[in-house]
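The values are calculated or read from the model by the stated rules, or taken from the named source; none is laboratory data. Remember, it's a predicted structure, so these values are computed and weren't measured experimentally. As a convention, Cβ positions derive from the backbone with ideal geometry for all residues, glycine included, and neighbour counts pool all protein chains shown. We work out accessible area using only protein heavy atoms, side chains counted, and drop any ligands, DNA or RNA first. Shrake-Rupley method; radii C 1.70, N 1.55, O 1.52, S 1.80 Å.
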Amino acid sequence: MSSALTRDALEAFWMPFTANRQFKDQPRLLARAEGMHYWTPDGRKVLDGCAGLWCVNAGHGRKEITAAVAEQMATLDYAPTFQMGHPAGFELANRLIKLTPGDLNHVFFTNSGSESVDTALKIAIAYHRVKGEASRQRLIGREKGYHGVGFGGISVGGLSNNRKYFGAMLPGVDHLRHTLDIEHNAFTRGVPEWGAHLADDLERLVALHDASTIAAVIVEPMAGSAGVILPPKGYLQKLRAICDKHGILLIFDEVITGFGRLGTAFGAQYFDVMPDIITTAKGLTNGAIPMGAVFVRKQIYDAFMKGPDGIEFFHGYTYSAHPAACAAGLATQEIYEREGLLTRGADLAKAWEDAVHSLRSAPNVIDIRNLGLVAGIELQPRAGAVGARGYEALVKCFEKGILIRTTGDTIALSPPLIISTAQIDELITRLGEVLKTIA
Ligand code: PLP
């Protein structure tokens, strides 16, 4: 890629979740990547503090993935999976269900986290219908939840910008209170002790709507995109118990927590709570080829298989189980297993926690939250300019050679799981230096 992309050359691409005018006036281009680093077109090295976008868990430029995808493309470039199949789809499904807890042993393939979420919501509603409870159509999400950008996902999600810009959502959706409480829990290391009772909010919604109208509750076991929000100790267990009591399905959106982010294959194992459905994407293929997967418990799949003969679930994508994505997924899982990456986050968690909490005294830091190989560093918003400090941090970090992610004034860190302790120190030291320069 040329380092001399003109302002005009940047115009045609309407960039997603980007301040386009700011970016195009001051572009931040990434041209190459390997291991823990990106390189800019002019050769500057940038340490990846957020695994691309929470997805490159095995680090960049993994040659095994490239080779597997190339071989697959040369052998079978595309095959439909509607009423047809190809070996790699079945192979990947069989490999993945070895990682999932309990009987979460059926996989529906998608192409992204957003599609995984919409697929899971549709499975939940259709599941109750095939079981003879068609009145269970209501979906419950949570404030501040992020479940991608489809209409299903933004409806159960709890971000006000979606409500502001995209108008009416899916009917019948309601929301639990979120679990972020800086007043009680600021600077907690790991999950906070305070707040398990927030799960009782589900009883309020059951009392309001009646359980017979509710299909499912969807939450991120640890919310990443809205600014690293942790479940209080015991919260997810309580949510599970209330769902069980009322026959409501529990969906964990593990697009971020799936594939080793917390030091276990899935967040469900980290928290020792068994959901009925898990949504994933990102780390499934190390970010190399778009792919998502939805895992469902045996009883859910079986319920569909007891219906009338014919297509049991009226849903699917042209690219569900795309051969190239399957090849990338298989090669990725091979790397995770061989290098022990799905549990490496657990080995690094303490060093990571100590490192990120060393930023406590940096200017404007009002909270630090951490879990596994994730951290959220919350900055005090500037009066009348929410998000300005966060954006300045993003730009200055990039100039200083580290890639971070910001949501408003919260900095999120989630490096590739191959990071060394020396690189953790480098990341946090440079971030600390940047924070000192931000008024
Ligand atoms: N769900 C969660 C929890 C996410 O964090 C994300 C993306 O960050 C999504 C869904 C959407 O994934 P995608 O951007 O692949 O559609």
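Points to keep in mind about this one:
- Cβ-Cβ distances below 6 Å connect the following pairs, each with a first residue in the range 148-177 that is within 16 Å of the ligand (Cβ to nearest atom), a second residue that is basic (Lys, Arg) and not in a loop (DSSP other than H, G, I, E, B), and a separation of six or more residues or different chains: Gly158/Arg142; His175/Arg142; Leu176/Arg142.
- Residue that is nearest to Phe295 (Cα to Cα) [pool: residues in the range 54-92 that are within 16 Å of the ligand (Cβ to nearest atom) and out of contact with any Ser or Thr (no Cβ under 7 Å at 6 or more places or on another chain)]: Cys55
- The sole residue among Asp210, Asp200 that is open to solvent by 40 Å² or more (accessible area, probe 1.4 Å), free of Cβ contacts under 8 Å to residues at least 12 places away in the same chain and under 29 Å from Ile300 (Cβ atoms) is Asp210.
- Only one entry of Phe108, Phe82, Phe90 meets the criterion of being modelled with pLDDT of 95 or more and within 18 Å of the chain's Cα centre (by Cα), and that entry is Phe108.
- Qualifying residue in the range 403-411 (condition: crowded, with 19+ Cβ neighbours inside 10 Å and acidic (Asp, Glu)): yes
- Residues satisfying the stated conditions in the range 110-135, i.e. within 15 Å of the ligand (Cβ to nearest atom) and either at positive phi or hydroxyl-bearing (Ser, Thr, Tyr) (or both): Thr110, Ser112, Ser114, Ser116, Thr119
- Only listed residue being out of contact with any helix residue (DSSP H, G or I) (no Cβ under 9 Å at 6 or more places or on another chain) and at pLDDT 95 or above, chosen from Gly35, Gly49, Gly59: Gly35
- Condition check for Arg138: under 18 Å from Ile229 (Cα atoms) and either away from the ligand (no atom under 16 Å from the Cβ) or buried (at least 23 other Cβ atoms within 10 Å of the Cβ) (or both): no
- From the list Ala422, Ala412, Ala385, the lone residue that is free of Cβ contacts under 8 Å to residues at least 12 places away in the same chain and under 21 Å from Leu159 (Cβ atoms) is Ala385.
- Beta carbons closer than 6 Å, at least 6 apart along the sequence or on distinct chains, pair a first residue in the range 225-237 that is on the phi > 0 side of the Ramachandran plot and within 13 Å of the ligand (Cβ to nearest atom) with a second that is outside any loop (DSSP other than H, G, I, E, B) and polar (S, T, N, Q) for Gly227/Thr407; Gly227/Thr410.
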